[in-house]
Every structure is written in C-alpha cells, then in structure tokens.
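Here's the structure we're looking at; comments come further down.
Since every read-out is calculated from the coordinates, none of them should be taken as a lab result. What you are looking at is a predicted structure, and each value in this text was computed from that prediction instead of being measured. Positions of Cβ are backbone-derived with ideal geometry, glycine not excepted, and every protein chain shown enters the neighbour counts.
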Amino acid sequence: MDLRHAMPEWLTRLDRDAAPWVVVAGKAQRGEAFTDLVAHRMQVPMGADETSRCIRAHEMMHAKVSPTAVTVPSDLGHLSPSTLIVAEEFRVNMLVGAAGFPVMKYLADGSEKRTGERLAVNRDWNETVHMLAATSGTKALSGLLAGVKLVQPLWIPTLSELNRQLQKLWRKHTRDGTAAVASTEPSDDVTEGWGFTILVAQLIHRALISETSDDPVPPDPSRLGGAGASEVGKFADMLELHLDRPNRVNGFLGRRKRASNIGRHPRHLERLLTDPERRIFDRRARCPGGVVLIDQSGSMQLTEDDLWRVINAAPGCVIIGYSHAPHTVETPNIWVLADRGAVTDKVPPGNGGNGVDGPALEFALKKRKNREPMIWICDGHVTDGSDQYESDLTEECGRLVALHDIHQVADLETAIHALTLAARGKKLMAAAVGPIAATKAWRTTRN
C-alpha cells in the first residue's frame, strides 16, 4: 500500500519551538482525523487519494497555525467555545485552499447530506450553523445544504447568506495575501492569526438563536450583514446577553391600597354615595413586582453596589440594563440583571452608546405584569445604531412612555426614591425627562 505520511515536526512557528510528533493512521472520515497541539499527536489517513491528501493538509495546517487553547477576549465572553472551534475550522480550511489543495473538489467524505437531513429533522439550528461554518469553502458544504433543503428549505436563505458573509470576510482580510491571517506572531497572549478567527466567530454568533427556543426560527439574512448606512436613523437590532442569576432574594415592591367593603376604620365615606359596593375601607394588596430599565451608556454607568441598592428598594422586580456599541451588530446590547428575586453576580459594562432605547423599552414592557410600575432610568438622550441623536426615535420613545405610563427618571437616586414611594403603596404616574419630555407624543398626552 502506498502510504503518505504527514510530518508536522518540520513545521516552524513564531510562538513556540518545534518538537517531535507522533503521527498515526486513521480513516478518511469526518471525526477520525485530529491534531493534539499539546501532546504533539496527530491522526490522519495515509492514502494516496486526493481526499486523504486534503485531510492531511488540513491537520498539518492546524499544527502550523492553530493555538494550543481556545482563547477569547474578556469583552467577548458571549462567544462559546464551540463557536470558536468551528471558526478556527473555517480559517484552516480557507488557508489549505489558498495553499493550493483542491478542498472544493475533494474535502468531503460523503456523509454530509445525511448529516444535514439529521440536523434539520432534529430542528437543531445552531448545530447546523456550526456545521456550515466548519465546511464553508470545501466540497462538504454542498452536501450539507442539500440535506438541510430536503427537510427545512426555509433555512437555506439564512445559511446561504452566512456562507456568503464568511467568504466576504475572508476576501477582505486576504486582499494582500494570507500572511496576517496565518501568522503565529504572539499578540495579546494569543497569535495575530487568531484575531481573524475571533472575527469569524462573531459573525457566526450573529446567526445563532436562543437555545431555549422550541420552534427555531432562523434570523433574517439581513442580520448577518455588516453595520453601515442602514443603521443611521434607526435603532440597532437588539441582541440579548444571557446572564446567570445565582443569587436569590425574597420580597415585593410594596403594598398598594385597594378599596374594600370590609375593614375596621372607614376612610372613604363618600363611597357610600358613589360606590354601589360601598367600599369605604382600605386594604393593602401586595404588589408582585415591577420593572426597572436602566440605560448603561457612557453617561449612565451602573455598578454592582448600584444594582443592590435597587434590589433593596424593590426586591421582587425585574431589572434590565442596555447599551449598544456603535457600528456593531454582533455585540450584545441588553441583559436582565434581576428577574423576580434572581440576581446576577456581576453587572456587564456598558458599550458606550444608547442605540437600542426603543427596542429595550418594548423588551421591558413584555416583562411587565398587570400594569405594575415600570421605571426607565435614562436622561432622555436616545440615539440610533451609530449613537447619533435622531428626533424621530425620540418621538417613538416618547410615545411608549406616554402610552404605557412609564415613569422615566434621569438618575439612579431619583429611581430609588420612586421605588421607595411605590413600596409604601404610592402609584407611580407616567413621567418624562430631558428630550423625551419635549416630544409631541408626550406633550399631547399632558394637555
């Protein structure tokens, strides 16, 4: 048998010294080949056929450029290890193709169509996205999409757009060659080339959906495009950062006074004439919570201590923070800090801008129950996806404040005072500050 060996010990890198490797024979099937960069062990098919040759090249490229550990910057903690792994697969596949290996003709094992059908039958959208990224730029992709199309044809537009955007990102960063994308020059505890993998992972992440969805609906293909002129004059798309909330507190926002026909001390004798049920007494009903929405842009920072001050004033309410990073589409911009007594350990930092004020208000309103109090902590300076002031968007927020009796305040201290009053049973009336108070939508409701 004509055996062809891979020789990773010949490879050189800038981030570590060369060392001996152990290379063993494996099958030319998906999942059989691997490269262990820590133990310096590789398993590859040894055949003379083109598929085996491409697989050996793929594993050799891992040995040449891939890091020994999956590393992600602290501000991109929402990227999962599995997303980073398939992003690295994309980088390696594209580098192998750029090196002259015919991956578009031979890098497939024939199982891809069955895999696509299985993923579609199981409605596993996120795994399908990951599989697409891992096969983009190779022959395997066409088989995968063919299998998905048989079961879930409505998934194809978004998957095709993701592939198009991945290829576009590759072309953008390799116009002057692949040296930077393949570089092992140390950079911030990783390598220069790993920076491209991070960009790919961010693009892949935009195509993912919540794992809790029972009936996955792929995101609109337009969500995968880059930020640009379309963000001007419009709110950015909302992208939630899902937080763990391990802390538990008990309590309610307060008690409300309710009219009753039972009691000891009549306080509303006038109801004898006006109320058919003669509810002349007061009783206090427990209020099950409330909603607090907090603008965490550059001018409205929030600390862990601030969060617990709000919790102490309103233990049973929902607390939501938001802030958008201008000109981005992949950075999460809204997060639930507390949810009916479940509280996060750490407050995410803001992203500098507002950008999603309107969508954040609508998100918070969906968390509201039975017209409970809702407080919006914001100075009223709402912005579009590029963090520029836009009068139409301000009017939109003014309409929401007026229509839903939202109690807007300019700072944390005023919010805590309002929550304290609510805890005593006082009803929080609709209120607006800053530019929101000057909107036509708000002023017409006050006259």
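Couple of notes before you dig in:
- Matching label, Rg and Dmax of the Cα atoms in Å computed from the structure shown, candidates [x] 22.2, 75; [y] 21.5, 66; [z] 28.3, 104: [z]
- The chain, relative contact order in percent, only Cα pairs under 8 angstrom and at least six apart counted: 11
- Crossing angle, helix 304-313 versus the chain [Cα axis fit, 0-90 degrees, rounded to tens]: 40
- Separation between Cα centres of the stretch 376-411 and the stretch 4-59, rounded to whole Å: 57
- The stretch 159-209, dipole about Cα centre (Lys/Arg Cβ +1, Asp/Glu Cβ -1), debye to the nearest 20: 440
- In the chain, the longest principal axis of the Cα atoms and the axis of helix 50-65 are about 60 degrees apart.
- Given 16 as the ceiling on other Cβ atoms within 10 Å, longest exposed-site-free region of the chain for GluC sites (Glu not before Pro) in DSSP loops: 33-210
- Residues with amide H under 5 Å from that of Asp339, placed H, sequence gap 5 or more: Ile319
- Charging the Cβ of each Asp and Glu at -1 and of each Lys and Arg at +1, and nothing else, the dipole of the chain about its Cα centre rounds to 2240 debye.
- Links that overshoot a 25 Å alpha carbon limit, given the list Lys27/Lys172; Lys346/Lys427; Lys27/Lys113; Lys64/Lys105: Lys27/Lys172; Lys346/Lys427
- For the stretch 126-153 versus the stretch 418-433, the inter-centroid distance based on Cα atoms is 53 Å.
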